[in-house]
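Notes to accompany the following structure.
The values are calculated or read from the model by the stated rules, or taken from the named source; none is laboratory data. The structure presented is a predicted model; accordingly, all values stated were derived computationally and were not measured. For neighbour counting, all protein chains shown are included, and Cβ atoms are generated from backbone atoms with ideal geometry for every residue, glycine included.
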Amino acid sequence: MSTDTTASVSTHILDTSVGRPAAGVAVSLAARSGPGARWVPLGGSRTDADGRCADLPALPESTTHVRLDFETEAYFVHPKKRAGTEQDVSAPREPGAFFPEVAITFTVTPGEHYHVPLLLTPFGYSVYRGS
């Protein structure tokens, strides 16, 4: 939850190659207080069955830039059979993860909430500011 002096961040991942949420993906959050400042790791989470991270850490008051790191390699190389799909995804996919990780960096303004969804496929991704 944001206040007048902090921003807040949420995310979710949709695997558009199968039309389902991407569950179990590790997501880490880092922040910095300006373009030249060092990144400060804040912690992380894993996406739930709905592809959402409900428990990302709060941002420090001085945050101006945020980075979300999605560890996509394990999701694509070692997938588990997903409920409701006919596709056998229990064996590793070849040739593995083309994008083993996705790093999204964006600016924030105090008092604003930023929902940043990741639309993911084995060979591409897109991201946007959601609501």
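Overview of results
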quantity: Top-ranked residue in the range 35-54 [being in a loop (DSSP other than H, G, I, E, B) and over 12 Å from the mean Cα position of the chain (by Cα); ranked as surrounded by the fewest Cβ atoms within 10 Å (Cβ to Cβ)]; calculated: Gly36
quantity: Residue within the range 97-106 that is part of a loop (DSSP other than H, G, I, E, B), in contact with a Leu (Cβ under 7 Å, 6 or more places away or on another chain), at pLDDT 90 or above and of a type in the set (Val, Ile, Thr) present; calculated: no
quantity: Meets criteria (part of a strand (DSSP E or B) and among the small types (Gly, Ala, Ser)) for Ser62; calculated: no
quantity: Extreme residue, nearest to Glu71 (Cα to Cα), among residues of the range 1-14 that are buried (at least 16 other Cβ atoms within 10 Å of the Cβ) and among the hydrophobic types (A, V, I, L, M, F, W, C); calculated: Ile13
quantity: Subset of the range 65-90 that is of a type in the set (Asp, Glu) and either outside any loop (DSSP other than H, G, I, E, B) or crowded, with 16+ Cβ neighbours inside 10 Å (or both) - its residue that is modelled with the lowest pLDDT; calculated: Glu73
quantity: Index of the failed condition, Leu42 passing every other in (1) within 16 Å of Val102 (Cβ to Cβ); (2) touching a Leu at 6+ places or on another chain (Cβ under 8 Å); calculated: (1)
quantity: The range 15-34, subset in contact with a Pro (Cβ under 8 Å, 6 or more places away or on another chain) and surrounded by fewer than 18 Cβ atoms within 10 Å (Cβ to Cβ), residue farthest from Val102 (Cα to Cα); calculated: Ser33
quantity: Condition check for Ser28: of a type in the set (Ser, Thr, Tyr) and in contact with a Gly (Cβ under 6 Å, 6 or more places away or on another chain); calculated: yes
